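Structure record follows, encoded as structure tokens.
Quick note: the coordinates plus some simple rules give every number you see, no bench work behind them. Since the structure is predicted, the reported quantities are computational estimates derived from the model, not experimental observations. Backbone-built Cβ (ideal geometry, glycine too); neighbour counts: all protein chains shown.
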Amino acid sequence: MRLANRLLVIITVCLSLLAISCQCAPVGEVSVALAPSPEEVKPGEQFEVEVQVEPGKQGVSAVEINLSFEPQAIQVVDVKPGALLGERPLSGILNIDNEAGTVSYSLARIGKTETPTPATSFVTITFQVLNSAQPGDYELSLTSVGLANENFEGIQDIRVKGASVKIETCV
């Protein structure tokens with residue numbers, strides 16, 4: 001009887017530890033970040049901003065972003081899809097408003113979604129620094145981000161990181 005009680009206690013402790021470790025194990029953090037290149041520019045120059053997606057352990061079938069920028073200093077001149085959703089993704093929204101300083105963009109994958117989807121660029125946005133731009137740091141912000149997983153269900157708890165670009169004086 002004592003042996004059976006001891007085994008029961010050991011099994012209960014092991015199951016409790018297993019349940020705790022499963023609850024605490026990271027599920028793979030999902031993040032979306034802006035990566036400008038170069039980070040320092042002069043009036044009249046162009047620069048690119050990649051929207052990088054780190055899907056963690058998720059598959060990504062669709063993405064929608066809204067980005068804001070300071071239109072008195074920079075303007076969008078081009079938007080090109082990255083490799084995240086395959087070679088020929090299905091186009092959704094592309095709305096560039098250089099007066100308001102916003103870009104809305106969405107794409108969906110055509111075909112099967114790999115799980116996990118490899119981390120890479122969702123889109124590359126090319127900006128032009130206006131000749132009238134004043135020197136300083138200018139924020140680029142992701143005002144909203146939506147990702148759909150391999151089952152086209154919304155992915156929750158996305159960590160979002162904006163960026164800034166420094167405009168230097170012309171010499």
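Right, Val53: free of Cβ contacts under 8 Å to residues at least 60 places away in the same chain and either more than 12 Å from the chain's Cα centre (by Cα) or within 19 Å of Ser141 (Cβ to Cβ) (or both) or not? Before the answer, list the steps.
Details: free of Cβ contacts under 8 Å to residues at least 60 places away in the same chain: no; either more than 12 Å from the chain's Cα centre (by Cα) or within 19 Å of Ser141 (Cβ to Cβ) (or both): yes.
Answer is no for this residue.
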- prompt: In this structure, is Leu94 farther than 22 Å from Gln46 by Cα and of a type in the set (A, V, I, L, M)?
  reply: no
message: Being part of a loop (DSSP other than H, G, I, E, B), surrounded by 17 or more Cβ atoms within 10 Å (Cβ to Cβ) and not small (Gly, Ala, Ser) is the filter here; which residues of region 54-67 pass it?
response: Pro55, Gln58, Val60
- prompt: Within the set of pairs 6 or more residues apart or between chains, which connect a residue that is closer than 30 Å to Ala133 by Cα inside region 73-88 to a residue that is among the acidic types (Asp, Glu) and surrounded by 17 or more Cβ atoms within 10 Å (Cβ to Cβ) with Cβ atoms less than 7 Å apart?
  reply: Gly82/Glu50
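Among the residues of region 159-170 satisfying the criterion of being in contact with an Asp or Glu (Cβ under 9 Å, 6 or more places away or on another chain) and not basic (Lys, Arg), which is nearest to Thr117 (Cα to Cα)? Write out each step before concluding.
Initially, region 159-170 is screened for residues in contact with an Asp or Glu (Cβ under 9 Å, 6 or more places away or on another chain), giving 159, 162-168.
Adding the requirement that they be not basic (Lys, Arg) leaves 162-165, 167-168.
Working: Gly162: 22, Ala163: 24, Ser164: 27, Val165: 29, Ile167: 35, Glu168: 38 Å.
Per the stated criteria, the residue is Gly162.
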